[in-house]
Amino acid sequence: MAIKIEHGVFQIETADTMYQMKVDAFGVLNHLWYGAKTGCVMDYLLDYPDVGFSGNIYEAENQRTYSLDTLPLEYASGGVGDFRVPAISVTHENGSCALDLRYQEYHIVKGKCRIPGLPAVYAADDKAETLEIVLKDTATDVIVILKYGVLEQENVITRSVVVCNQGKTPVILNRVHSLCMDIPYGDWEWIHFHGRHTKERQVERAALIHGIQESSSGRGMSSHQQNPTVLLCERNTTENYGFCMGAALLYSGGFQTQIERDQLDQTRIVMGIHPDTFAWQLEEGDSFYAPEVMLSCSDKGFAELSHRFHHVIRNNVCRGKYKLSPRPVLINNWEATYFDFNSTKIEEIARQASALGIDMMVLDDGWFGKRDSDCSGLGDWVVNEKKLQGGLGRLIGRINDLGMKFGIWMEPEMVSEDSELYRSHPEWAIRIPGRAPMRGRYQLALDMSNPEVIRYLHRVISKILRENNIEYVKWDINRSICDWYTPTLPERRQLELPHRYILGLYELLERLTGEFPDILFEGCCGGGGRFDAGMLYYCPQTWCSDDTDAHERTVIQYGTSFFYPISTVGSHVSAVPNHQTGRMTSIQARGAVAMAGSFGYELDLNTLSEEEKQEVKEQVKTYKRYQDLIYNGLYYRVCDPMAGKLSVWEFVAKDQSEVLVQGVVYRAEPNELRKRVRLTGLAEEAEYQVEGEETVYTGAALMAGGILLPEIKGDDVAIQICLKRTDR
Ligand code: GLA
């Protein structure tokens, strides 16, 4: 039993971690602990100082030391004396905003809780349990249910929240965060992942300042600029040492992570839907479901924490036929042709690709409607026969005749003003009456909260997928969303639109992925602007970035790897000079970097030299040979690319019998010693041999002494070293 309750103490134990809460004498639920197992109730750490201007609850009478403002709270509400950042804030019918949540009861439910309309971690009923703790406002009938899903073996605890209005009048929810955790001890640093288009998930690590720090997105999507994941760690934590905890939100809309270091040096973290673009009117008898957060922690550094997230996302978040199976090596025509193609050009690319062993041809943007540039056509999901004479059927037939699968790009959530769809349904685009809308890449967003829009999209998309042998869909979205307004909601409820948009998106994805279980869906948002665990529930991989430059990608993929498994990272070899940076890198370096993901190509192979084509053929073979190790092995970040010299990573088979070391050395320098990298995760006593070499090393030597990288000449030189265990 992972969940134990004794004397008001709630204890959740996973294989290696422990989470504790306690109901105190006033019915307030205190947070006690999240970390290693201690075998002890951690309430001895609770301190009750008399802090000036931190007031006391009425029932505490003259006890000046009992303050909601200083205690570690499990789910902090506003307006009743805790002046730190709240997890929940509401407005009652009389305009007041207080909420004072006290413990009512608990339930333990077999299996892992699901959330209506939202993605959630799933598990077999005998592999998970759910704890529900019911809190109630002291003065109204607002009920808050805290849900804790426990995946004991995976060392993952999920949190989500349901708010129920059991009163007679509506309540406005202004903020309902999914996670709230107070940590009364420790000197924490936080790591978050920031960036911009073509430069996603840059790692930033900083000491906490007193006050509130935040990473968030109000863009209607999880965003390129910030990612809905966060790490807290001790100052000395490294890849293989020290304590760290991580949280990842399963949500693809605007989000907010706030961390507050308070007057007593305590730390509070809250995470959930961004309150600036959210409000919800909760009618009598209704419930609101906040999205789920996955939590994990490790006292052995970031690598172990990443492994836990990789495992749970791959096994308990991603779904469908492709969740664990090898993915086809694909070739995408976007950087090869942009909008300028016809069937002949696509067939030529496919013919060359099939000769080199590539499995699937993906037709990107421009195949539909009037779409010769990004100024028009979105919304008209009908094949453009001027470009594709004979339609999709003929093209797909020819691709299939080459022995290749066929995949297609779509951007269903968007509409161009110059489109048949917009001309017939201007009211389906999100914009505010009487106000000029913001355009992003010349386009507007469709109102995904409107059931008619969802019905339309479902009808046109399922028709294409039914009538054609399409085995992959790239589901793109290419602008941030603002101008939130929908004619389908009354005036006072307009701020419900951003969340309803995401609910509409999820509903559509749920239906389509259910109806077309054999299709591989890849998420995309101008590259990796919606790389989050919510999208991964529907699409088991995401196009990681529109920056395909191998050098830049080492940094982007490094940041991505802290939470997201390698199988979820769409990564392609593209042409040089690179289209985003103008950088020249060798085909070997581009191959090594793209192999640390779901591998493919994105260039016209006909333009390569014979030598390069042979290299591509070898790369495809190598990838197929190592795909199982790459997807199912443990991934280690061996070098920090931010240090500027090299980027090296490593895949180690779970039984430690095989190791693939890959990377890029950024720059050759004269008179330099060969670079040495220390491997990790090997069996100390085992013997390993580098493929093609005689020398035998022990695991201990490779981890303590390291391995010498080959001497390099030139910039961005690829590293690819395979080691095999030879002692058994
Ligand atoms: C986005 C995607 C690209 C490509 C283009 C097409 O930017 O990230 O890969 O599909 O759209 O317009």
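Which one is nearest to the ligand (Cβ to nearest atom), of the residues in segment 483-501 that are of a type in the set (D, E, K, R) and in contact (Cβ under 8 Å) with a residue 60 or more places away in the chain? Give the steps one after another, and end with the answer.
First, pick out the residues of segment 483-501 that are of a type in the set (D, E, K, R): 483, 491-493, 496, 500.
Narrowing further to those that are in contact (Cβ under 8 Å) with a residue 60 or more places away in the chain: 492-493, 496.
Working: ARG492: 36, ARG493: 32, GLU496: 29 Å.
Here the answer is GLU496.
Conditions: (1) closer than 30 Å to GLY600 by Cα; (2) open to solvent by less than 10 Å² (accessible area, probe 1.4 Å); (3) away from the ligand (no atom under 16 Å from the Cβ); (4) among the hydroxyl-bearing types (Ser, Thr, Tyr). TYR472 meets all but one. Number of the miss?
Every condition holds for TYR472 apart from (3).
Any residue that is polar (S, T, N, Q), in contact (Cβ under 8 Å) with a residue 40 or more places away in the chain and within 14 Å of GLU200 (Cα to Cα) - is there at least one of those in segment 565-575?
From segment 565-575, those polar (S, T, N, Q) are 567-568, 571, 574; that's our starting set.
After this cut, where a residue has to be in contact (Cβ under 8 Å) with a residue 40 or more places away in the chain as well, the list is 567-568, 574.
Still in the running and within 14 Å of GLU200 (Cα to Cα): none.
Among the residues of segment 565-575, not one is polar (S, T, N, Q), in contact (Cβ under 8 Å) with a residue 40 or more places away in the chain and within 14 Å of GLU200 (Cα to Cα), which makes the answer no.
Do any residues in segment 608-623 that are of a type in the set (S, T, N, Q) have Cβ atoms under 9 Å from those of residues that are open to solvent by 70 Å² or more (accessible area, probe 1.4 Å), where the two are at least six apart or on different chains, and which pairs are they?
GLN619/GLN588; THR622/GLN720
When you check TYR631 against the structure, is it open to solvent by less than 50 Å² (accessible area, probe 1.4 Å), assigned to a strand (DSSP E or B), at pLDDT 95 or above and farther than 22 Å from GLU615 by Cα, yes or no?
On the way: open to solvent by less than 50 Å² (accessible area, probe 1.4 Å): yes; assigned to a strand (DSSP E or B): no; at pLDDT 95 or above: yes; farther than 22 Å from GLU615 by Cα: yes.
So TYR631 does not fit the description; no.
Which ones in segment 138-161 are under 19 Å from GLY285 (Cα atoms) and open to solvent by less than 10 Å² (accessible area, probe 1.4 Å)?
Across segment 138-161, the qualifying residues are VAL142, VAL144, LEU146, VAL161.
List the number of the failed condition for LEU99; all other conditions in (1) surrounded by fewer than 23 Cβ atoms within 10 Å (Cβ to Cβ); (2) free of Cβ contacts under 8 Å to residues at least 60 places away in the same chain; (3) hydrophobic (A, V, I, L, M, F, W, C); (4) part of a loop (DSSP other than H, G, I, E, B) hold.
All conditions are met except number (1).
So which pairs qualify, if the first residue must be in segment 321-335 and touching a residue at least 40 places away in the same chain (Cβ under 8 Å), the second must be more than 16 Å from the ligand (Cβ to nearest atom) and among the polar types (S, T, N, Q), the Cβ gap must be under 6 Å, and the two must be at least 6 apart or on different chains?
PRO326/GLN627
Answer yes if at least one residue in segment 223-239 is open to solvent by 10 Å² or more (accessible area, probe 1.4 Å), more than 30 Å from TRP484 (Cα to Cα) and polar (S, T, N, Q), and no otherwise.
Initially, segment 223-239 is screened for residues open to solvent by 10 Å² or more (accessible area, probe 1.4 Å), giving 224-226, 234-236, 238-239.
With the extra rule that they be more than 30 Å from TRP484 (Cα to Cα), the set shrinks to 234-236, 238-239.
Still in the running and polar (S, T, N, Q): 236, 238.
Taking every residue of segment 223-239 in turn, at least one turns out to be open to solvent by 10 Å² or more (accessible area, probe 1.4 Å), more than 30 Å from TRP484 (Cα to Cα) and polar (S, T, N, Q).
Do we find a residue being assigned to a helix (DSSP H, G or I) and open to solvent by less than 60 Å² (accessible area, probe 1.4 Å) anywhere in segment 646-662? Quick ask: steps written out before the conclusion?
Here is the first cut: in segment 646-662, the ones assigned to a helix (DSSP H, G or I) are none.
No, because not a single residue in segment 646-662 is assigned to a helix (DSSP H, G or I) and open to solvent by less than 60 Å² (accessible area, probe 1.4 Å).
Name the pairs: first residue in segment 648-670 and of a type in the set (S, T, N, Q), second residue modelled with pLDDT under 95, Cβ to Cβ under 9 Å, at least 6 apart or on different chains?
If the second residue must be modelled with pLDDT under 95, the pairs left are SER657/ARG728.
Out of GLY523, GLY528, GLY504, GLY514, which single residue is surrounded by 22 or more Cβ atoms within 10 Å (Cβ to Cβ), modelled with pLDDT of 95 or more and away from the ligand (no atom under 16 Å from the Cβ)? Reasoning before the result, please.
On the way: GLY523 fails: away from the ligand (no atom under 16 Å from the Cβ); GLY528 fails: away from the ligand (no atom under 16 Å from the Cβ); GLY514 fails: surrounded by 22 or more Cβ atoms within 10 Å (Cβ to Cβ).
Checking each option against the conditions leaves just GLY504.
Among the residues of segment 186-195, is any outside any strand (DSSP E or B) and within 29 Å of the chain's Cα centre (by Cα)? Full working, then the answer.
Kept after step one, since they are outside any strand (DSSP E or B), are these residues of segment 186-195: 186-187.
This time we only want the ones that are within 29 Å of the chain's Cα centre (by Cα), so: 186-187.
The answer is yes, given that some residue of segment 186-195 is outside any strand (DSSP E or B) and within 29 Å of the chain's Cα centre (by Cα).
Quick one: would you say TYR185 is within 25 Å of TYR44 (Cα to Cα) and either open to solvent by 30 Å² or more (accessible area, probe 1.4 Å) or modelled with pLDDT under 95 (or both)?
Values: within 25 Å of TYR44 (Cα to Cα): yes; either open to solvent by 30 Å² or more (accessible area, probe 1.4 Å) or modelled with pLDDT under 95 (or both): yes.
Yes; evaluated as a whole, the condition is true for this residue.
So which residues in segment 536-547 are open to solvent by 10 Å² or more (accessible area, probe 1.4 Å) and more than 16 Å from the ligand (Cβ to nearest atom), if there are any at all?
Taking segment 536-547 as the starting set, the residues that turn out to be open to solvent by 10 Å² or more (accessible area, probe 1.4 Å) are 537-538, 546.
Of everything in segment 536-547, those that are open to solvent by 10 Å² or more (accessible area, probe 1.4 Å) and more than 16 Å from the ligand (Cβ to nearest atom) turn out to be TYR537, TYR538.
Mind telling me which of the residues ILE477, ILE432 ends up being within 16 Å of the ligand (Cβ to nearest atom), of a type in the set (Val, Ile, Thr), in a loop (DSSP other than H, G, I, E, B) and modelled with pLDDT of 95 or more?
Details: ILE432 fails: within 16 Å of the ligand (Cβ to nearest atom).
One residue alone meets the criteria, ILE477.
Hey, can you tell me all the residues within segment 25-38 that are without any contact (Cβ under 8 Å) to a residue 40 or more places away in the chain and surrounded by fewer than 20 Cβ atoms within 10 Å (Cβ to Cβ)? Give the steps one after another, and end with the answer.
Of the residues in segment 25-38, the ones without any contact (Cβ under 8 Å) to a residue 40 or more places away in the chain are 25, 33, 37-38.
Listed by number, the residues that qualify are ALA25, LYS37, THR38.
Please find, among THR542, THR554, THR513, THR581, the residue that is of a type in the set (Val, Ile, Thr), in a helix (DSSP H, G or I) and under 27 Å from VAL616 (Cα atoms).
Numbers: THR542 fails: in a helix (DSSP H, G or I); THR513 fails: under 27 Å from VAL616 (Cα atoms); THR581 fails: in a helix (DSSP H, G or I).
Unique residue meeting the criteria: THR554.
Of the residues that make up segment 445-461, is at least one within 16 Å of the ligand (Cβ to nearest atom) and buried (at least 22 other Cβ atoms within 10 Å of the Cβ)?
Within segment 445-461, the subset within 16 Å of the ligand (Cβ to nearest atom) is 445.
Filter once more, so that each one left must be buried (at least 22 other Cβ atoms within 10 Å of the Cβ): 445.
Yes, that holds for at least one residue.
List, please: which pairs have Cβ atoms under 9 Å, are six or more places apart or on different chains, and start with a residue in segment 103-129 that is touching a residue at least 24 places away in the same chain (Cβ under 8 Å) and open to solvent by 30 Å² or more (accessible area, probe 1.4 Å) and end with one that is among the aromatic types (Phe, Trp, Tyr) and in a loop (DSSP other than H, G, I, E, B)?
TYR122/TYR537
Restricting to segment 263-291, and then to whatever is part of a loop (DSSP other than H, G, I, E, B) and touching a Gly at 6+ places or on another chain (Cβ under 8 Å), can you tell me which residue is surrounded by the most Cβ atoms within 10 Å (Cβ to Cβ)? Before you say what the answer is, go through the steps one by one.
So in segment 263-291, the residues part of a loop (DSSP other than H, G, I, E, B) come out as 263-266, 274, 278-279, 283-286, 290-291.
Filter once more, keeping what is touching a Gly at 6+ places or on another chain (Cβ under 8 Å): 274, 278, 284, 290-291.
On the way: HIS274: 23, PHE278: 22, GLU284: 12, ALA290: 28, PRO291: 30.
Selected residue: PRO291.
Which condition number does GLU59 fail, the rest of (1) acidic (Asp, Glu); (2) crowded, with 21+ Cβ neighbours inside 10 Å; (3) assigned to a helix (DSSP H, G or I) being met?
Status for GLU59: all satisfied but (2).
I'm trying to understand the selection: among the residues of segment 357-397, which are away from the ligand (no atom under 16 Å from the Cβ), open to solvent by 10 Å² or more (accessible area, probe 1.4 Å) and part of a loop (DSSP other than H, G, I, E, B)?
Scanning segment 357-397 gives GLY357, ASP359, VAL382, GLU385, LYS386, GLN389, GLY390.
Go through SER216, SER178, SER222, SER160 for me and flag whichever is more than 30 Å from GLU13 (Cβ to Cβ) and in a strand (DSSP E or B).
Details: SER178 fails: more than 30 Å from GLU13 (Cβ to Cβ); SER222 fails: in a strand (DSSP E or B); SER160 fails: more than 30 Å from GLU13 (Cβ to Cβ).
Matching residue, one of SER216, SER178, SER222, SER160: SER216.
A quick yes/no check of all residues on (1) within 24 Å of the chain's Cα centre (by Cα); (2) open to solvent by less than 10 Å² (accessible area, probe 1.4 Å); (3) within 16 Å of the ligand (Cβ to nearest atom):
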{"residue": "GLY534", "(1), (2), (3)": "yes, yes, no"}
{"residue": "ASP549", "(1), (2), (3)": "yes, yes, yes"}
{"residue": "SER571", "(1), (2), (3)": "yes, yes, yes"}
{"residue": "THR585", "(1), (2), (3)": "no, no, no"}
{"residue": "ALA596", "(1), (2), (3)": "yes, yes, no"}
{"residue": "LEU608", "(1), (2), (3)": "no, no, no"}
{"residue": "GLU611", "(1), (2), (3)": "no, no, no"}
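If I ask for residues that are in a loop (DSSP other than H, G, I, E, B) and within 20 Å of LEU629 (Cβ to Cβ), which ones from segment 688-708 would you list?
GLU691, GLY692, GLU693 - these are the residues of segment 688-708 that are in a loop (DSSP other than H, G, I, E, B) and within 20 Å of LEU629 (Cβ to Cβ).
Being modelled with pLDDT of 95 or more, surrounded by 19 or more Cβ atoms within 10 Å (Cβ to Cβ) and more than 16 Å from the ligand (Cβ to nearest atom) is the requirement here; does ILE346 meet it? Walk me through how you get there before you give the answer.
Working: modelled with pLDDT of 95 or more: yes; surrounded by 19 or more Cβ atoms within 10 Å (Cβ to Cβ): yes; more than 16 Å from the ligand (Cβ to nearest atom): no.
When the stated conditions are applied, ILE346 does not pass them.
Has segment 328-342 got any residue that is within 15 Å of the ligand (Cβ to nearest atom), open to solvent by less than 20 Å² (accessible area, probe 1.4 Å) and in a helix (DSSP H, G or I)?
Scanning segment 328-342 turns up at least one residue that is within 15 Å of the ligand (Cβ to nearest atom), open to solvent by less than 20 Å² (accessible area, probe 1.4 Å) and in a helix (DSSP H, G or I).
The values are calculated or read from the model by the stated rules, or taken from the named source; none is laboratory data. Just so you know, these numbers come straight off a predicted model, no measurement behind them. Ideal geometry is used to build each Cβ from the backbone, glycine not excepted, and the neighbour counts take in all protein chains shown. These area figures cover heavy atoms from the full protein model, side chains too; ligands, DNA and RNA do not enter into them. Shrake-Rupley method; radii C 1.70, N 1.55, O 1.52, S 1.80 Å.
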